[in-house]
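The next block holds one structure in the form of structure tokens; read it before the comments.
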Amino acid sequence: MQKQTSMKSALAVLFGFWVMGFADVIGISVTYAKEQFSWSESEAGFLPFMVFFWFLVLSVPTAALMNRIGRKNTVLVSMAFTFAGMSLPFFLFNEGILYLAFALLGIGNTLLQVSLNPLLTNVISGKLLTSALTAGQLIKAISAFVGPMLAVFCSLRWGSWESMFLIYAGITLLSAIWLSVTSIEKESTTGQASLSIKSTFSLLGNSKIVWLFFAIICVVGLDVGMNTITPKLLMSRLDMAKEVAGYGTSWYFAARTVGAFVGVFLLSRVSEKVYFSVNMIIALLAVIGLAFSFSYAGILVIVCVIAFCAAGIFSVIYSLALRVLPEKANGISGLMITGVSGGAVIPLLMGIAADYWGTLNGALFILALCVVYLLICSFRITILKVK
């Protein structure tokens, strides 16, 4: 009976990872909104900023909130923000509402990413925990993969791509209700009371943490940047309709999902540092190649290569950071999640660069800089001798 209860609790928590994947719909949303509202590249780049900016300002405070009200309640608060954001476009849809909707989605996603993984440890422990965390990331990846196809379906079926937000609101409400009626053992907060914003950011006094923190910014920026630029490349270079170009983002997420699983296999046989360096060398060559690719197959293959290479890098960087100061794991975790704000900064810089140079190659240049930093970091951490 206890095992069945634990399984039911685990399923309720794991379903939350589907909601976590909603943030990745930003890529296809930028494609549709840019055309619908005649945005410049800079204005389009501000939409991802509205989502990922909150990781910069709310990650550490969320950890403190979680310590006060508990993990389950923090997840439910995150669902409330997400539901509100996804419901707004149903009642009124314009530029301002779209920005507000994604801001609320970003706030909800920040709270969710900080609290959902720890909540999973309340219902699953021991050797099964790693498998459960991997399953959660798989669910998130599938949610991200389905997002662009859902937008295309809503556009073709109802002539309204934004109808997908109402579907997302319904799924969020279902997840919140399921979790709220699920019994989960109360977590212990022992040893967490000393966690503060000041103590967390003081970790940046460690040079290894600084390198890895900016690596998180770059790898998340690369991921979100590729998410947003893929359909734009297909539309601008091949004159594709946005509905067809939107499938390019799904290819990206499919390759990222495969890359994550292959990464788990490879990381059990080669060192993280070798995996990190080799993947970034290949990714850099791919980003450079993308600037000179003008065929449908060529663009998709290169996009998939970049997604495959980048898929496991976040977890590698995160793991290396935790091993720098294992006794301060909670603070480091909060700091690394703060680095997810790279998903706000990098697309914004891409939009500015694209407008300045008058070509998407300006945006690709920003992505190349991210990969160059990650490549340097992969060698630098060897010099710094991260354990």
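The values are calculated or read from the model by the stated rules, or taken from the named source; none is laboratory data. Given the structure is predicted, the values throughout are model-derived calculations rather than measurements. Reconstructed Cβ throughout: ideal geometry from the backbone, glycine too, with neighbour counts over all protein chains shown.
General observations
- The one condition in (1) surrounded by fewer than 19 Cβ atoms within 10 Å (Cβ to Cβ); (2) touching an Asp or Glu at 6+ places or on another chain (Cβ under 8 Å) that G343 fails to fulfil: (1)
- Among the candidates L104, L138, L119, residue that is modelled with pLDDT of 95 or more and assigned by TED's automatic domain parsing to the domain that holds T62: L104
- Residue within the range 227-247 that is touching a Cys at 6+ places or on another chain (Cβ under 9 Å) and assigned to a helix (DSSP H, G or I) present: no
- Screening F83, F22 for residues that are in contact with a helix residue (DSSP H, G or I) (Cβ under 6 Å, 6 or more places away or on another chain), aromatic (F, W, Y), surrounded by fewer than 23 Cβ atoms within 10 Å (Cβ to Cβ) and at pLDDT 90 or above leaves exactly one candidate, F83.
- Of the helices (runs of 4 or more DSSP H) contained entirely in the range 253-343, those carrying at least 1 residues that are touching a helix residue (DSSP H, G or I) at 6+ places or on another chain (Cβ under 8 Å), in the same structural domain as L374 (by TED's automatic domain parsing) and under 27 Å from I107 (Cβ atoms) fall at 296-310, 313-324, 329-338.
- Of all residues in the range 203-254, those satisfying the criterion of being surrounded by 22 or more Cβ atoms within 10 Å (Cβ to Cβ), among the small types (G, A, S) and under 17 Å from F365 (Cβ atoms) are G221, G225.
- L150 being touching a Phe, Trp or Tyr at 6+ places or on another chain (Cβ under 7 Å), assigned by TED's automatic domain parsing to the domain that holds V57, assigned to a helix (DSSP H, G or I) and modelled with pLDDT of 85 or more: no
- Hey, V258 surrounded by fewer than 16 Cβ atoms within 10 Å (Cβ to Cβ) and among the hydrophobic types (A, V, I, L, M, F, W, C) or not: yes
- Verdict on L47 being under 22 Å from T172 (Cβ atoms), at pLDDT below 85 and aliphatic (A, V, I, L, M): no
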